[in-house]
Structures are given as C-alpha cells and as structure tokens.
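Input: a single structure, listed below in structure tokens.
The values are calculated or read from the model by the stated rules, or taken from the named source; none is laboratory data. Predicted, not measured: the structure shown is a model, and the values here were computed from it. A quick note on method: Cβ atoms are made from the backbone with ideal geometry, for glycine too, and the neighbour counts reach across all protein chains shown. Only protein heavy atoms, including side chains, enter the accessible area calculation; ligands, DNA and RNA are left aside. Shrake-Rupley method; radii C 1.70, N 1.55, O 1.52, S 1.80 Å.
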Amino acid sequence: GGGAGRLLTPTPVPVRCSPPVQFSLLHSKFHLCSVATRALLLSTYIKFINLFPETKATIQGVLRAGSQLRNADVELQQRAVEYLTLSSVASTDVLATVLEEMPPFPERESSILAKLKRKKGPGAGSALDDGRREPSSHDINGGVEPSPSTVSTPSPSADLLGLRAAPPPAAPPAPSGAGNLLVDVFSDGPAAQPSLGPTPEEAFLSELEPPAPESPMALLADPAPAADPGPEDIGPPIPEADELLNKFVCRNNGVLFENQLLQIGVKSEFRQNLGRMYLFYGNKTSVQFQNFSPTVVHPGDLQTHILLLAVQTKRVASQVDGGAQVQQVLNIECLRDFLTPPLLSVRFRYGGAPQSLTLKLPVTINKFFQPTEMAAQDFFQRWKQLSLPQQEAQKIFKANHPMDAEVTKAKLLGFGSALLDNVDPNPENFVGAGIIQTKALQVGCLLRLEPNAQAQMYRLTLRTSKEPVSRHLCELLAQQF
C-alpha cells in the first residue's frame, strides 16, 4: 500500500513515477474493485498523504466525494470520514506517528503451551506445535480438533454451518470425523447446490429404490424397521415447530433448528414431484453425542401420500464428536397431495442424559409447484372455470412485515408459482399460476394477491382444482406476509 510507496519512487524522481502519477494510476482502477479492495485502497490513500504531502489536496477531494461519505457500505463510509478528518485535523507529526509502520512483532510462546511442556516432558511440546502447524486433517473451522488437553466449549453462536466451507458432495454422506465437517447450507452458487443433475425424471426416480434388505439403512422405508420409532413412539413436535416450518415455505435452505447443543441445517431442491434434501446435524458442544439417531416419521396416512427414502448406504453415525457435523440425505417423491408434513425425530445422549426433539420436516405441498406462464386471456378463462365455491379459498389479513413489492415478488416466486405481468388491471396486484405435480394427479393453481398499503392489509385468493389444496395453499402463503 501507500506505506511502501517510497520504494517505487527513486531519487531523483522521474515524472512518470512521481507520487501524483502513482496515485492517479491507482485511483483509476478504484471503481473496478470489490468493496474489500476499495477499503484497502482508502487506507493506502491516507498513507500517501503521510508519505507524499503534495498529494493531500487531491486525495482529500476523493475522500470528500459524496460517493465515499454517503457510501451504502458502512465500512467504506467510515474509512472515508475518519481518514478525511485525520488528514484535516492532525498535524504532520501526529499523522506520521499514527501511520508509521508497525514494528515486527516477535512471536512469543504461549504460556499454556509452556505449562503443558513442563507437565508432559520434552516430547510434548513438538507434538503440540505440530498439531498447531498442520490443522488440515483435524480442522474444525480453522481450529484444532478437540483433545483432552485443548478442548473448550464453543459459544452457542458457533458457526456450525461453516459459511466459508466447501460445498457438500452430491451423494456421499459427510464423514463423521472433524475433517470437512461444516457445510454451507446458505450458498446459492451453482457449485454449492445439491444438484439433481440433468438426468430425466425416470432416472432420478430409479434412485428411489428401497435399500437392499441387508442394509441397515431404511430410515423411511415401509414398513419401518423395529428399531426406528413410529408416530406413536415419538413425542409431539416442539411448540415452535410450526413457526420453524413457516420459514421454509418460500425457501429451501437455512437453519431449521438450533439450541445450546445442536444445530440442524437444511439444503434441498425439488423438481416436478421429486426432491432431494440434505440434513446437516452439528454438535455445538465439546462433548461427543452418543446413540445419535435422526428418524423421519409419517404421521397418520401420510405414508401413502409422500414417500421419503434415505439414499445413504448406512445409517447416520451414532456418535457425533464435539464440534463435528454429520449429513443425512433424503430422496422425496410426492405421490398425492398432502396437508401435513412428515416429522423429524432426533434422539441422542449428551453427557449421559437422553435428549430428544421432534420437528416438522420442511416439505410442504408447494415444493412440488411447476411454474406456468400464460397470457391474460388464458388466465381469466381458467379463473372462470374454477368458479365453484369449494375451489376458491380467500383470506384477508393484516400485514406482519413491511409491504415491499420486491420482497413480495421474491416470496411468491419462492412459493413456486410463476408471476404473470400485465394480467391484473391494477398494477399493484400480484397474479401467479402453477401446477402442483404429484405421481397420481396434477392440481392447477391460480393465485391473486392484492396489497392495500393504506390499510396495511392483504387479500389473498387461491383457486385450484381441488378444495383441500386451495385452503392449504392459502393458509401457507398468508403466513408469509
């Protein structure tokens, strides 16, 4: 940066590399850089002022520009304000003191390591040092794998989904060790998506064959193995299960559940009546989970409506180390329309005490929407055809969130329907269409959402070819606004 600018300026100074020329060349690329790089460049500019006072007026003009002082990025705005004030208020001596080069910092031996070396003898130190230098095979978010001598309890907000970690493999489960544990379930990049691949639906469906008889993995196969709990064996869903489920109605990726011990992340993708879901179970403590057993259960007659088969070759590891994460993969086939989601039961032992919780798996009927584009004339013709009272569901409700048109549009697209432009005479209204794909039948769906900004209310109307579907979709979607 500017701190080393003097190295580029020989004596005597030729015009082609004078400080103003250096600054001009550097700043000419400013608008092409990322936010992080621009922040570094602003720091370089204040160092230029310190080293080359002749550039002060020019650089202050840059820092004073509205694009810097009123920048939408708080980091850039803060740097511009602070550096402009520093260059205006501080004397030359003070500025030089503030911006002088940091002296080399001698590496000191950790007092904890020194104590350990004294306790364990001369051989212990090198082993500990090697453990610090080579974290690649025992790396947990950049740290050392917990051991009796180095273990500590991570904070409850520890990032177990590893937002900077590598994407998950398409099919194999993640190892239960601490190697490549923590997977980003939020990334929308193509490489990170658990892609269903370009294979046709028949090939995808062929992967849904039940596990081989000798395989212990039949989490959801029917009939369920005796070891797996049935609906009558598990407790009721936790009180916030519906609220957690609602967060996934219009999105497929995120954290489904989190407490002091456990974090459960979800990443899923759906196509027509098929889907694939990745569940990530992260141990937030430094103590190993024993007898870890996540099981999907179909309440009531749901087994005949939606079929979920785990495609792993073996069960999820029954031990989950402290700070580690295990992955479970589910393939999903929607056989008929359904109103209640499957249940996810998680049981394990922590410190000798049994733990259990039951959640609602984020699989709702709108996940099997196929967006349908149609002209205004076709939409109104179909709307009139679905005119029976039982085919329509309508709800008028108060807005629970700020009424933002772009956010509303994103939620409707996330819900699964296509948004149709120039159909409704009122441009403030939203109109959508789609077909719910199941193996047994298809259900055509039309929707209309009318926001009233003055009253802070919405009117939502759903018309489908099947009465329960109209009511259920209306309830699901109304809770999103």
>> Can you compute the modelled spin-label distance between K409 and R271, with each label point 7 Å from Cα toward Cβ, in nm?
In response: 2.7 nm
> Given R₀ = 51 Å, FRET efficiency for H401-L69 by Cβ-Cβ distance, to 0.05?
Replying inline: 0.95
>> For segment 32-103, what does the accessible surface come to per residue with a 1.4 Å probe? Please give it in Å².
In response: 58 Å²
>> Using a 7 Å offset from the Cα along the Cα-to-Cβ direction at both K247 and L335, what is the distance between the two label points in nm, to one decimal?
In response: 3.1 nm
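Tell me, what is the FRET efficiency for N429 and S18 to the nearest 0.05, using R0 = 51 angstrom and their Cβ-Cβ distance as r? Walk me through the intermediate numbers first.
Working: r = 62 Å, r/R0 = 1.22.
E between N429 and S18, to the nearest 0.05, is 0.25.
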> If you count, for each residue, the other Cβ atoms within 10 Å and average over each peptide, how do 259-266, 387-394, 41-48, 73-80 line up from highest to lowest?
Replying inline: 41-48, 259-266, 73-80, 387-394
> What FRET efficiency would be calculated for the residue pair K119, A36, taking the C-beta separation as r and a Förster radius of 45 Å, to the nearest 0.05?
Replying inline: 0.55
>> Can you tell me the length gained on complete extension of the stretch I112 to Q454, counting 0.36 nm per residue apart and subtracting the Cα distance?
In response: 116.8 nm
>> Suppose every Lys and Arg Cβ carries +1 and every Asp and Glu Cβ carries -1, with no other charges. What dipole size does segment 320-448 come out with about its Cα centre, to the nearest 20 debye?
In response: 560 debye
> How many percent of the accessible area of segment 352-481 is carbon or sulfur, using a 1.4 Å probe?
Replying inline: 49 percent
